[in-house]
Amino acid sequence: NLEPNYIYDRLGDDLNKWKQILSEIKKSRATFDNSDVERSFGFIVVNYEQAQSKVNAKYDQWQRDVLAKFGIKLGDSMREFHSGVSNSHKELENKSMESNNTSEAVALITFVQDLKRKVNKWNQDIEIFREGQKTLERQQYQFPSVAVY
């Protein structure tokens, strides 16, 4: 019996790990989705319908909890990303391109080069967000009304 917080701590803020575990949980669900409710051993018949029902309910609850936690993590990451990009955008707009001051020109060039380096990471983040959103949609996650998604 795994403690949810142990799992969440192990996953941390790595959205790829969260997507992977959600995918594995969904695939593993097939193990429990079968119509068998009895097993015979000679003349002994074991009916495990109630146990299977309880296991399915627990599994479903665990899947919903992990999905909800991932939705929160993804939303927080997207808001943080949006804030960072917005701040960079505002800072770039505040920089003057028509300055006669050498230090301001150097600062602008340095800032633009820094943004160019960030663009690759931002593109990767956007792809992770896109995939994460698809994962949530496929698993019928209820997005909050104030979501950034």
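Every read-out reported here was derived from the displayed coordinates using simple, explicitly stated rules and does not represent laboratory data. What you see is a predicted model; the values in this text were computed from it and never measured. For neighbour counting, all protein chains shown are included, and Cβ atoms are generated from backbone atoms with ideal geometry for every residue, glycine included.
Here are the numbers for this structure:
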read-out	value
Filtered chymotrypsin sites (Phe, Trp or Tyr not before Pro), the stretch 1-94: DSSP coil and at most 15 other beta carbons within 10 Å	F43, Y48
Ascending count of other beta-carbon atoms within 10 Å, so fewest first, for M97, M78	M97, M78
Debye intensity ratio I(q)/I(0), log10, the chain, q values 0.11, 0.17 Å⁻¹ (C-alpha model)	-0.62, -1.01
Those lysines that a straight Cα-Cα span of less than 21 Å connects to K134, excepting residues fewer than 8 apart in one chain	K17, K19, K26, K27, K69, K73, K121
Partner aspartates and glutamates for K95 [C-alpha distance under 17 Å; skip if fewer than 8 residues away on the same chain]	E104, D114
At least 27 Å along the helix axis (C-alpha) and Kyte average at least -1.0, DSSP helices within the chain	102-138
Residues L2 and Y48, FRET efficiency given R0 of 22 Å [Cβ-Cβ distance, rounded to 0.05]	0.50
Counted charge near F32, where neighbours are those whose Cβ lies closer than 12 Å (Asp, Glu -1; Lys, Arg +1)	+2
The stretch 4-138: relative contact order as a whole-number percent, Cα under 8 Å and 6+ apart	27
Helix-derived mean residue ellipticity, 222 nm - over the chain, DSSP H n ≥ 4, -39500 (n - 2.57), to 500	-26000 deg cm²/dmol
Fluctuation leader among I109, I72, I25 - the chain, Gaussian network, Cα springs under 10 angstrom	I109
